[in-house]
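Everything on this sheet refers to the single structure shown next.
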Amino acid sequence: MYKLKYLPLAQKDLRDIINYIADNLKAPKAAMDLVDALERSIQRLQRFPFSCRVYQPIEPLEDEYRTLTVKNYLVFYVVTEHEVEIRRIVYAMMDIKNIIK
């Protein structure tokens, strides 16, 4: 089983998303529901890290990113020898090519 590792930028993404939904949209329950859905989906990556599609950027990246879709969000991650590194969590409608570099 692979170990999960959240990089600091992914942790910040998650905090920002939750704060936006809870505070700006005034929907704390929706924020917690999203956290639960993200946690369940990301935990599955420990057993099946290669189950999600490979991200195909316009310009090649140093690492092979994969994307996991959870509700309206994309979780970008990289599989290493023993870990699944969660690199970014972003709203799916954002300009991804300018975020994942």
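Tell me, please, whether a residue that is over 22 Å from residue 21 (Cβ atoms), out of contact with any helix residue (DSSP H, G or I) (no Cβ under 8 Å at 6 or more places or on another chain) and free of Cβ contacts under 8 Å to residues at least 12 places away in the same chain can be found in the stretch 73-81. There is at least one residue in the stretch 73-81 that is over 22 Å from residue 21 (Cβ atoms), out of contact with any helix residue (DSSP H, G or I) (no Cβ under 8 Å at 6 or more places or on another chain) and free of Cβ contacts under 8 Å to residues at least 12 places away in the same chain.
Out of all the residues in the stretch 43-62, is one or more among the polar types (S, T, N, Q) and without any contact (Cβ under 8 Å) to a residue 12 or more places away in the chain? Walk me through how you get there before you give the answer.
Looking only at the stretch 43-62, we keep the residues that are among the polar types (S, T, N, Q), and these are 43, 46, 51, 56.
Narrowing the set further to residues that are without any contact (Cβ under 8 Å) to a residue 12 or more places away in the chain leaves 51, 56.
Looking through the stretch 43-62, at least one residue is among the polar types (S, T, N, Q) and without any contact (Cβ under 8 Å) to a residue 12 or more places away in the chain.
Based on this model, can you work out whether residue 60 counts as farther than 15 Å from residue 9 by Cβ and at pLDDT below 95? In short, yes. If the condition is being over 18 Å from residue 92 (Cα atoms), in contact (Cβ under 8 Å) with a residue 24 or more places away in the chain and surrounded by 16 or more Cβ atoms within 10 Å (Cβ to Cβ), then the stretch 5-32 contributes only 6. Only one entry in 9, 14 is in contact with a helix residue (DSSP H, G or I) (Cβ under 8 Å, 6 or more places away or on another chain), of a type outside the set (Val, Ile, Thr) and assigned to a helix (DSSP H, G or I), namely 14.
The values are calculated or read from the model by the stated rules, or taken from the named source; none is laboratory data. Values in this document were obtained by computation on a predicted structure and should not be read as measured data. Cβ sites come from the backbone with ideal geometry, for glycine too, and all protein chains shown count toward neighbours.
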